[in-house]
Each structure stands twice: as structure tokens, then as C-alpha cells.
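This report refers to the structure that appears directly beneath it.
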Amino acid sequence: MEIAQLTTQLAATEDSSLIGELVAKAAVGFTGATGARVYLLNRAEGLLVSLLDKGDKAQQLSLHSGGTALPLLALDSRRSVRAGSDLAVPLSFADREVGVVVIEGVADLEAAEQEMNRLRGVFALALVQLATRQEMLYQWRFLEVITTLNWLITSDLESREFYDALHQLIKGLIDYDWMKILVTEQNSVKVLAFFRDGEAVAPDDAVQPSDKTLTARFAAGYPDIIEDLQAIPEFAGDALLGQANLRSVLMVPLVAKSGVIGGLCFYSREKGKYAEKDSPLAQQLAGQLATVIENTLLIREMARKNREIEESHRRLATLNAIAETLTRSLDLELVLREVLGKVIEVADWDAGAIFLQQQDKSFALSVFKGLSDGHAQHLADEQNRATGMGYFLKNEPVAVTADNAPPFLNAFFVPGAFSFGISVPLKHKKEVGGTLLLFDREKQELSLQEWEVLEAVGNQIGVAVENARLYHKVKLMAEHDALTGLFNRHKFFSLLDMELMRCQRYKAKCGILLLDIDHFKDYNDTFGHPAGDECLKRAARIFKDSVRNTDVTARYGGEEFVVLVVETNAQGVLAVAERLRRKIEAEGQNEPFPTVSIGMAIYPDDAISAQNLLLIADNALYTAKRLGRNRTVWRDTVQTITVTREVNEGFPAVDRRNRNL
């Protein structure tokens, strides 16, 4: 037989034993072996199953037995294994083992292995097709069973339709006056169904004192028959049973995989109605019913857990959305505005506000959303907020309603406003740094999960607020001079570059003033370093207070300062320079205080690059120093002539080579 012909025959065959025979016959024919065995791998059960045996007699080798059978050794090693004159060849398809072929009585093992290597691909394809068909057949049969039972398994155990169908199923098999289905849940007894004289009764109306006694009898797991209920005290005392004149009962436990989950009870008004002959049929019904009930209870439990998981996912999604919002920016106001909007959106509130603690320990309104102008103004009023300090300082979330609202929130819980609110502390390291207030027009209470989410949100916002404040503090430190509070040199260059680009784009002008405190070293040596520091701080305040908010004042280094005057021509810049110089000069009228020399450069009149502008201003400053100090110089020309005070006050004239002057 040619390989192509063999492949065609195997592809057209669906019967497993015929496939086994074809593979075995081909293996014997191509290798000259005296016999062959073919095994299919059943992964689900962990077995190698012989294809040449039929039915229950088929040889099976367990993969987990640790045996030394030749097929198992070949499958485990994933290579051909020899034993005497026998050869076992593992078959795989797409790196997945599918079976083993064993040839017996081989004269030339080397040649036989070569032939099997030629055939193993064909054999493997046949076995994988067989395995696929068997799996599909199994799935189809499983689907048929599921479809048949689906109406029971997916029925609601509390639905009238389910129990009506159950009643119709049972009534023709077992004679009864009452039928009751009991289940045990968390150490309690629950009535699932109750039929009284052919009529369904609501489970809540079917509870009887004797139900616990019945349940205790079910625990043994065996059917029980009571021929006369009146003869047993536990049942004789049940008034409902006595009023209905019920005398005998057949009790069958509902035994599921998890154990006894309840019982099926048949009551009769006839004494001695039930006997042992009735138990087998009742047990069959109870067995099927137990499976249905257990499956349905499992589905219920799964649904409950799914709801919990979904709720958990919603909580996580809320926290993730808020965390993402909190990490978008370190601008505190922007962060608070966005996160408040996100909380209101994902947690489904109507309005909210965030208060932050200030340096004086008071609380101020930072942002709000969804509030009327009147409500917002009410929250912003300092006197109103003072009455709510107790709420702001609470360590745990607190529900707010008309019954417990503090005075400053009374206006929020009047008819037509809000019905429910919550105050959530914003904490960082257990310290309350703010409060999140949320309001809603419909909510009346919150679930435990909602409380937990809002508390976590408060902690997230608290950490974000502290991070934003820390960032702002670090940024101030990085951009400002520690002594004077002015911008430092690095920040000044950044702002200068941006201003020059703006001037270039809009054809605007600006000016740079380079200022140097005259004879500062001598002032420092004469009055001491603390006085020198105070001198620099006073000069810095004068410079900053004497220019516009749009102008930039910075400490350039040592006793040198720099001012960027924006949107101004040369005459305007000169006027600023002279105003600064005169104000510094005036500081020394009543007490010793240095003067200042100023060098000036104009964009684009003098230069267009920051480096060249500063160089020109620096040279002008050098000229001002050389010409006697306390003057402004632009383009090597003194722009104002003033008698210097240095000589009168005893400060020596010092040349440009000492820049500490």
C-alpha cells in the first residue's frame, strides 16, 4: 500500500477500531513486523487507550501510574524506544502528543525505525483527526444532556412555573395530600415549595414547627417513613399537622455532591400510607431534584459572587479613574477640579465641594461643582465655615441629612434642594488636610462598599493634595533665591528665552537691567553679614515692588540683580532703571545704605540673543562702576548725572576688577 493511498483511507474512516487496524496493518506492512498495537492519548483522563480493542475491554495505560510499559516510556521520552524486538514510536502533531504505535517482532530495528519515521506524520494526522471527532461527539452529547435539563437547571427555584411542572411530574407517581421541599442554608431551614391538596402555597406560609425535626431526620442520608405522626411527640405537637389530620409521612433526603442539602416530604391523611416499596421511586425523584437544586443554588451563589466581583470591579474602576485623574497634573487647583468632577461622575452624585486646610488651620473652599451660586457663596463665607469646623476635622466619613446637618449646611437640605450628603476627610498619614462634601437629590443611604470607596477616594485625594503642595514647595525652592525670594538665575534665563521668542514673533521690544549694589563688600565688613543679608533682602523688595507684575525680577548672583522689563522701549526701560536707582538711593537718606549701579540693554536695538543682551548690559554696568557708581549707563553713556554718596559716607572708590563692590 502506498502512503498516499493510506492517507486517503485514514481520512475517510471515522470508526476508531478501523483506524487502529489500518495503522497497525500499515506499520506491519512497511516494517516487516509480526504485529502492531496502536494507542490514542486521552488527555482528559490521563490514559493511553488501545484502538484495536473494543468496548470496555480496550487496554488502557495510565499516564500517572509510573509504569514501565513500552508505550508509556516512548510517550514520556518523546522519542522511539526499543525493547528486544519491539519498537515504540510516539506520535505528535503540532508539538502535541496524540498517541503511540508499537510494532512487535521486528528483525531489523534500525530499518523499521526509519520506515516508522516516514509514516509517523500520516499516523499522527489520523489520530489527531480521530481525537478531534471524539471530542466533538462528546461535546455534542454533553450539549444534548444540558439542553434536556436546561429548563430545570436554569429555572428560578422560587418561580411558580417550576413547581407547577414539578407537581405535575410527581403527582402521577406518588400519592400524597401534602408535598414539601425543604433545604438547609447556613444552619437554617427554608421551604422551597409546598403543595397542599393540589394547590401551591407560598413558601412563607408553609413554615411549620416540625420542619426542623424533619431536617434532623434527613441528616442521616436515608429515607424515613413515619406511619403515624400522632404517635411521635415532636409531630403530634404541630397544630398545623393536627388540623389537617395528616397521619403519615415519607421523607427522602436530597443528597447532592456536597452532601445532604434538604429533603422531599410526602404527607398523607391515611395512617400507614407509605411503605418500603415507595422509597426507591421517591429516592430517584429526590436524586434528580437534589441535582437541580444544588445546581441552581450554585448558580445563585455564582451570581452573588459575580455581583460582588462586578461591584469590586466598579470600585476599582472608580479608584483607578480617580487615581488617573490625580496623576495627570501637579497643579493643585486643576487636580482638585478634575478629580471632583470625576468623583461626581463615576460615583453618581449630583454636586460636591472640596475644602482644604490653610496655614492658620482654618478650612477654605477650593473647588465646587453642581452647586448653585447661592450654595457656593454660602460655603465660601468664612463665618459660615467656622460653624462647620467639627465636620471638617472628623477622621471618618459622615452621612449628612436634614436631621444632623451642621448649621452651615442647613440650607442644603431644604425641600427642593438635596436629600443626602456625605463628608469625607482628605487624609495624609492620618492627618486631616481637607474635606470632600458630596450631595445628592435622591440617595437615602450608602452601601458598605460605597462607604469604603469614598473613604479610599478621600485618602487618595489627601495624598494627591500633599504631593501637589510638596511639588509647589519644591518648585518654589528650585526657581527662587532662598535669601531674597526673587527668581534665581536659572529661572530668569528660562523666562528671558520665552520673552525673546515672544518679542521676535510679535515685533515687540523689551529691556534688561543689570544692577549691582555698590561697595557691598565694605558694607558687609562694616555692619556684619546679617546686615548684609538684610540689605540684599531690602533691595530685592524695592526692585520687585517698583516694577510691574509682568516684569521679571531675579537675583543674578552675589549682590547683583537683573530685571526684565517687557513690552517697553528704551525710554521706558530707562525710566524703570532710574526709578529703581532713586529708590535705593533714598534708602540711605536716614541711615547708611549702599547705592546701586545699573547697566542697560534693549532688544532688538542692542542685540537679539539673551547672551549678547546680558553681555551688553554687563559692560554698561562696568562703565557705571568706572564712572563713579550710583548711575544708569546705556551704550557707554550715563543716562543721569548724580553726585555719588560713596565718598561722603566713607565707602572707598574701588575699580571694576573687584566685582564684590
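The values are calculated or read from the model by the stated rules, or taken from the named source; none is laboratory data. Note that the structure is predicted; figures quoted are calculated from it, not measured. Cβ sites come from the backbone with ideal geometry, for glycine too, and all protein chains shown count toward neighbours. The accessibility values were calculated without ligands, DNA or RNA, using every heavy atom of the protein model including side chains. Shrake-Rupley method; radii C 1.70, N 1.55, O 1.52, S 1.80 Å.
Values computed for the structure shown
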{"read-out": "Complete set of residues in the stretch 608-627 that are in a loop (DSSP other than H, G, I, E, B) and more than 19 Å from Leu495 (Cα to Cα)", "value": "Leu627"}
{"read-out": "Helices (runs of 4 or more DSSP H) enclosed by the stretch 171-244 - at least 2 residues per element that are of a type in the set (Lys, Arg)", "value": "211-218"}
{"read-out": "Qualifying residue in the stretch 212-220 (condition: of a type outside the set (Phe, Trp, Tyr), buried (at least 21 other Cβ atoms within 10 Å of the Cβ), within 13 Å of Trp178 (Cβ to Cβ) and touching a residue at least 24 places away in the same chain (Cβ under 8 Å))", "value": "yes"}
{"read-out": "The stretch 418-445 - residue that is buried (at least 18 other Cβ atoms within 10 Å of the Cβ) and farther than 21 Å from Gln357 by Cα and, of those, modelled with the lowest pLDDT", "value": "Lys443"}
{"read-out": "Whichever residue in the stretch 527-540 is of a type outside the set (A, V, I, L, M) and touching a residue at least 24 places away in the same chain (Cβ under 8 Å) and, among such residues, is most open to solvent (accessible area, probe 1.4 Å)", "value": "Phe527"}
{"read-out": "Residue match in the stretch 583-596 (condition: among the β-branched types (Val, Ile, Thr), surrounded by 20 or more Cβ atoms within 10 Å (Cβ to Cβ) and touching an Asp or Glu at 6+ places or on another chain (Cβ under 8 Å))", "value": "yes"}
{"read-out": "Search result, residues across the stretch 176-192 that are open to solvent by less than 40 Å² (accessible area, probe 1.4 Å), within 23 Å of Ala256 (Cα to Cα), out of contact with any His (no Cβ under 8 Å at 6 or more places or on another chain) and in contact (Cβ under 8 Å) with a residue 24 or more places away in the chain", "value": "Lys180, Ile181, Leu182, Val183, Leu192"}
{"read-out": "Residue within the stretch 367-380 that is in a strand (DSSP E or B) and either of a type in the set (Val, Ile, Thr) or at pLDDT below 85 (or both) present", "value": "yes"}
{"read-out": "Sole residue being free of Cβ contacts under 8 Å to residues at least 24 places away in the same chain, hydrophobic (A, V, I, L, M, F, W, C) and part of a helix (DSSP H, G or I), chosen from Leu298, Leu281, Leu336", "value": "Leu298"}
{"read-out": "Among (1) of a type outside the set (Lys, Arg); (2) surrounded by 12 or more Cβ atoms within 10 Å (Cβ to Cβ); (3) farther than 30 Å from Thr184 by Cβ, the one test that Gln359 misses", "value": "(2)"}
{"read-out": "Qualifying residue in the stretch 472-490 (condition: touching a residue at least 40 places away in the same chain (Cβ under 8 Å) and within 30 Å of Gly341 (Cα to Cα))", "value": "yes"}
{"read-out": "Flag for Ala107 being among the small types (Gly, Ala, Ser) and open to solvent by less than 70 Å² (accessible area, probe 1.4 Å)", "value": "no"}
{"read-out": "Verdict on Asp177 being farther than 30 Å from Ala4 by Cα, more than 50 Å from the chain's Cα centre (by Cα) and modelled with pLDDT of 90 or more", "value": "yes"}
{"read-out": "Qualifying residues in the stretch 53-79 (those that are surrounded by 18 or more Cβ atoms within 10 Å (Cβ to Cβ) and touching an Asp or Glu at 6+ places or on another chain (Cβ under 8 Å)) - the one modelled with the lowest pLDDT", "value": "Leu75"}
{"read-out": "Residue within the stretch 452-463 that is under 30 Å from Val552 (Cα atoms), open to solvent by 60 Å² or more (accessible area, probe 1.4 Å) and at pLDDT below 90 present", "value": "no"}
{"read-out": "Every pair of residues 6+ apart whose Cβ atoms lie under 7 Å, when the first sits in the stretch 436-453 and is farther than 26 Å from Ala364 by Cα while the second is hydroxyl-bearing (Ser, Thr, Tyr) and not in a helix (DSSP H, G or I)", "value": "Glu442/Ser419; Lys443/Ser419; Gln444/Ser419"}
{"read-out": "Single unsatisfied condition, Leu515 versus (1) modelled with pLDDT of 95 or more; (2) within 27 Å of His490 (Cβ to Cβ); (3) out of contact with any Phe, Trp or Tyr (no Cβ under 7 Å at 6 or more places or on another chain)", "value": "(3)"}
{"read-out": "Tally, over the stretch 285-322, of residues that are among the hydrophobic types (A, V, I, L, M, F, W, C) and either in contact with a helix residue (DSSP H, G or I) (Cβ under 6 Å, 6 or more places away or on another chain) or open to solvent by less than 50 Å² (accessible area, probe 1.4 Å) (or both)", "value": "11"}
{"read-out": "Cβ pairs under 6 Å, 6+ apart, first in the stretch 249-278 and at positive phi, second of a type outside the set (Ser, Thr, Tyr)", "value": "Gly262/Leu182; Gly262/Val183; Gly262/Leu254; Gly272/Glu227"}
{"read-out": "Close pairs from the stretch 109-134: first polar (S, T, N, Q), partner in a helix (DSSP H, G or I) and modelled with pLDDT under 90, Cβ under 8 Å, at least 6 apart", "value": "Gln129/Leu10; Gln129/Ala11; Gln134/Ser16"}
{"read-out": "The stretch 228-257 - residue that is farther than 25 Å from Ala290 by Cα and charged (D, E, K, R) and, of those, most open to solvent (accessible area, probe 1.4 Å)", "value": "Glu234"}
{"read-out": "Near pairs, Cβ below 7 angstrom, 6+ apart or cross-chain, from the stretch 501-512 (surrounded by 13 or more Cβ atoms within 10 Å (Cβ to Cβ)) to any residue that is acidic (Asp, Glu) and in a helix (DSSP H, G or I)", "value": "Cys510/Glu499"}
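Per-residue answers, yes or no, for (1) within 19 Å of Glu110 (Cα to Cα); (2) touching a residue at least 12 places away in the same chain (Cβ under 8 Å):
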residue: Leu6; (1), (2): no, yes
residue: Glu14; (1), (2): no, yes
residue: Leu18; (1), (2): no, no
residue: Ala27; (1), (2): yes, yes
residue: Gly32; (1), (2): yes, yes
residue: Ser62; (1), (2): no, yes
residue: Ser65; (1), (2): no, no
residue: Ala74; (1), (2): yes, yes
